[in-house]
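J.: First, the structure itself, so that you have it in front of you.
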Amino acid sequence: MDDQTRTELEAAAFRTLLEHLNRRTDVQNIDMMNLTGFCRNCLSRWYQEAANARGIEMDKHAAREIIYGMPYDAWKAKHQTEASAEQQAAFETSFAENVGRKGD
C-alpha cells in the first residue's frame, strides 16, 4: 500500500471514530480515560499538536470544537455528567499507573 492510500484510509477511520463518538455522547470522557487511557480531550490535543507541528496555528478551543463537533463548553453543558466517586477513584488509580505515558 502506498503512503497516500494509507493516509487516506487513516483519515477515513479517524472521521468514522469522531462520528461514532458524536453519536455516543452517553460515554463520558472519564469512562474513556479509565478504560482506554485516552478521551476526546486527548484526541483534540493530539489534533492540535499535529496542526502546530505542521505550522498551522490552532489553539485548544479550536481543536476541541473539531473533535466534539461543537464548542466544548456547549458539549459539556449538554452531555457531561458529574463524575461519581467510583469513576474518580478509578481515574486516580489509572492515572497513577500510567504517569509518563505519551498521550496521558
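The values are calculated or read from the model by the stated rules, or taken from the named source; none is laboratory data. Because the structure is a prediction, the values reported are computed rather than measured. Cβ atoms come from the backbone with ideal geometry, glycine included; neighbour counts cover every protein chain shown.
J.: Which one is farthest from the chain's Cα centre (by Cα), of the residues in the range 49-74 that are of a type in the set (V, I, T) and either within 19 Å of L17 (Cα to Cα) or surrounded by 14 or more Cβ atoms within 10 Å (Cβ to Cβ) (or both)?
T.: Residues of the range 49-74 of a type in the set (V, I, T): 56, 66-67.
In the following step, the residues that additionally are either within 19 Å of L17 (Cα to Cα) or surrounded by 14 or more Cβ atoms within 10 Å (Cβ to Cβ) (or both) were identified as 66-67.
Values: I66: 10, I67: 7 Å.
Ranking the qualifying residues of the range 49-74, first place goes to I66.
J.: Can you work out which of the residues in the range 76-92 that are part of a helix (DSSP H, G or I) and touching a residue at least 40 places away in the same chain (Cβ under 8 Å) is farthest from F38 (Cα to Cα)?
T.: The selected residue is K78.
J.: Looking only at the range 48-70, which residues are assigned to a helix (DSSP H, G or I) and over 23 Å from F91 (Cα atoms)?
T.: Residues satisfying the conditions are Q48, E49, A50, A51, N52, A53, H61, A62, A63, E65, I66.
J.: Could you list, ordered by first residue, the pairs with Cβ atoms under 6 Å in which the first is in the range 48-60 and closer than 18 Å to Y72 by Cβ and the second is in a helix (DSSP H, G or I), at least 6 apart or interchain?
T.: Q48/A63; M58/Q48; M58/A51
J.: Next question, about the same structure. Out of everything in the range 33-47 that is outside any helix (DSSP H, G or I) and touching a residue at least 12 places away in the same chain (Cβ under 8 Å), what residue ends up being farthest from E86 (Cα to Cα)?
T.: F38
J.: Does the range 30-39 include one or more residues that are modelled with pLDDT under 95, closer than 16 Å to F14 by Cα and either of a type in the set (S, T, N, Q) or surrounded by 15 or more Cβ atoms within 10 Å (Cβ to Cβ) (or both)? Steps first, answer last, please.
T.: Filtering the range 30-39 for residues modelled with pLDDT under 95 gives 30-39.
Pick out the ones that are also closer than 16 Å to F14 by Cα and you get 38-39.
Within this subset, residues satisfying the condition of being either of a type in the set (S, T, N, Q) or surrounded by 15 or more Cβ atoms within 10 Å (Cβ to Cβ) (or both) are 38-39.
The answer is yes, given that some residue of the range 30-39 is modelled with pLDDT under 95, closer than 16 Å to F14 by Cα and either of a type in the set (S, T, N, Q) or surrounded by 15 or more Cβ atoms within 10 Å (Cβ to Cβ) (or both).
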